Amino acid sequence: QKEVEQNSGPLSVPEGAIASLNCTYSDRGSQSFFWYRQYSGKSPELIMFIYSNGDKEDGRFTAQLNKASQYVSLLIRDSQPSDSATYLCAVNMEGFKTIFGAGTRLFVKA
Amino acid sequence: DTGVSQDPRHKITKRGQNVTFRCDPISEHNRLYWYRQTLGQGPEFLTYFQNEAQLEKSRLLSDRFSAERPKGSFSTLEIQRTEQGDSAMYLCASSSAGLSNTEAFFGQGTRLTVV
């Protein structure tokens, strides 16, 4: 089992729709969870982080964490073509080693 | 510029040569990470430091790879006897060492091409 798993996609949504990205992780001791956006040829850019169970909202982005299910998700409301990118889920494992999933490619169609 | 800085941005080298990359983290950050990323994959953990101490190195990492952070500030990643399979983007990230506020921020990466 991979430490951090994501559906590779591509996930295609129409402009204005909600994009839902999911991630599961293996280490029950993990405490910190992150979502990064990566455009082609660029380095990852942090867009959300969450430490506690529940929802965390920042603008059009909502991160959701369920530690019991070892599940993290990212919702993007009112998706825009500029949101088209690869979204990486990252988890701080015990000892603060940050492990990344393989990423989900998102396409937002105008 | 107070972000993470990596040098060089691009490196082309012949197979068998040694290469060294540098990373300057955000100044108040005491954790520093190195990752490798190939096309279509997420960043693969290589190693990380807390201050000058190297706390973990990936089991998948060949002995040809070594990293240092001698004074707990900048770090170097050296690859000896490069192979074509080493061609990738090498990413450095830094974060603070608290129990919270552990978000890691990336540099722009060093793209290595081994020919």
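Place a +1 charge on the Cβ of each Lys and Arg in chain B and a -1 charge on the Cβ of each Asp and Glu, then give the dipole magnitude about the Cα centre in debye, rounded to the nearest 20.
Dipole of chain B, to the nearest 20 debye: 420 debye.
Using a Gaussian network model of chain B whose springs link C-alpha atoms within less than 10 Å, name the residue from B:SER94, B:SER62, B:SER73 with the highest mean-square fluctuation.
Of B:SER94, B:SER62, B:SER73, the Gaussian network model singles out B:SER62 as fluctuating most.
So if a site counts as exposed when it's one of the trypsin sites (Lys or Arg not before Pro), its DSSP state isn't H, G, I, E or B, and it has at most 16 other Cβ atoms within 10 Å, what's the longest stretch of chain B without one?
B:16-58
Find the percent of Cα-Cα distances in chain A that exceed 24 Å, and round it to a whole number.
18 percent
Once you keep just the Cα pairs under 8 angstrom separated by 6 or more residues, what percentage relative contact order results for chain B?
RCO, chain B: 37 percent.
Between B:ASN51 and B:VAL115, what length comes free when the chain is fully extended (0.36 nm per residue of separation minus the Cα-Cα distance, one decimal in nm)?
So the chain would gain 19.6 nm between B:ASN51 and B:VAL115.
Can you compute 3J(HN,Hα) from phi for each residue in segment A:71-81, using the Karplus curve 6.51 cos²θ - 1.76 cosθ + 1.60 with θ = phi - 60°, rounded to whole Hz and x for Gly and Pro?
With coefficients 6.51, -1.76 and 1.60, one gets 9, 10, 9, 10, 10, 10, 8, 6, 4, 10, x Hz.
Cβ under 10 Å from B:VAL114's Cβ, B:VAL114 left aside: what net charge do those residues give with Lys, Arg +1 and Asp, Glu -1?
Net charge in that neighbourhood comes out at +1.
Pop a pseudo-label 7 angstrom from the Cα along the beta-carbon direction at both B:THR2 and B:ARG59 and give the gap in nm to one decimal.
4.0 nm
Report the label-to-label distance for A:ASN66 and B:GLN80 in nanometres (one decimal), using points 7 Å from each Cα along the Cα→Cβ vector.
Between A:ASN66 and B:GLN80, the label points sit 5.0 nm apart.
Can you check what the net charge comes to around B:SER73, using other residues whose Cβ is under 9 Å from the Cβ of B:SER73 (Lys, Arg +1; Asp, Glu -1)?
0
Provide the percentage of antiparallel DSSP beta bridges, counting only those with both residues in chain A; round to the nearest 5.
Around 90 percent of the beta bridges assigned by DSSP in chain A are antiparallel ones.
Ignoring ligands and nucleic acids, what accessible area does B:THR20 show with a 1.4 Å probe (Å², nearest 10)?
Its accessible surface works out to 80 Å², give or take rounding.
Return a whole-number percent for the relative contact order of chain A, with Cα pairs under 8 Å and 6 or more residues apart as the contact set.
Normalised by residue count, the contact order of chain A is 38 percent.
In the full protein assembly as shown, how much of A:ILE76 is accessible to a 1.4 Å probe, in Å² to the nearest 10?
Around 0 Å² of this residue is reachable by solvent.
Give me the dipole magnitude in Debye, nearest 20, for segment A:7-56 about the Cα centre, with unit charges on the beta carbon: positive for Lys and Arg, negative for Asp and Glu.
The calculated dipole for segment A:7-56 is roughly 100 debye.
Suppose all protein chains stay in the model; what accessible area per residue would a 1.4 Å probe give for segment B:1-96, in Å²?
54 Å²
When Lys and Arg each count +1 and Asp and Glu each count -1, what net charge do the other residues less than 11 Å away from A:ILE50, Cβ to Cβ, add up to?
Summing Lys and Arg as +1 and Asp and Glu as -1 gives -2.
Give me the accessible area per residue for chain A, probe 1.4 Å, as a whole number in Å².
46 Å²
So if R0 is 41 Å, what FRET efficiency would B:GLN17 and B:ALA97 give, r being the distance between their Cβ atoms, rounded to the nearest 0.05?
Approximately 0.70, to the nearest 0.05.
So what is the relative contact order for segment B:37-90, in percent, with contacts set as C-alpha pairs under 8 Å and at least six apart?
Relative contact order here is 32 percent.
The values are calculated or read from the model by the stated rules, or taken from the named source; none is laboratory data. What you see is a predicted model; the values in this text were computed from it and never measured. Neighbour counts run over all protein chains shown; Cβ positions are idealised from the backbone, glycine included. Heavy atoms of the whole protein, side chains included, go into the accessibility calculation; ligands, DNA and RNA do not. Shrake-Rupley method; radii C 1.70, N 1.55, O 1.52, S 1.80 Å.
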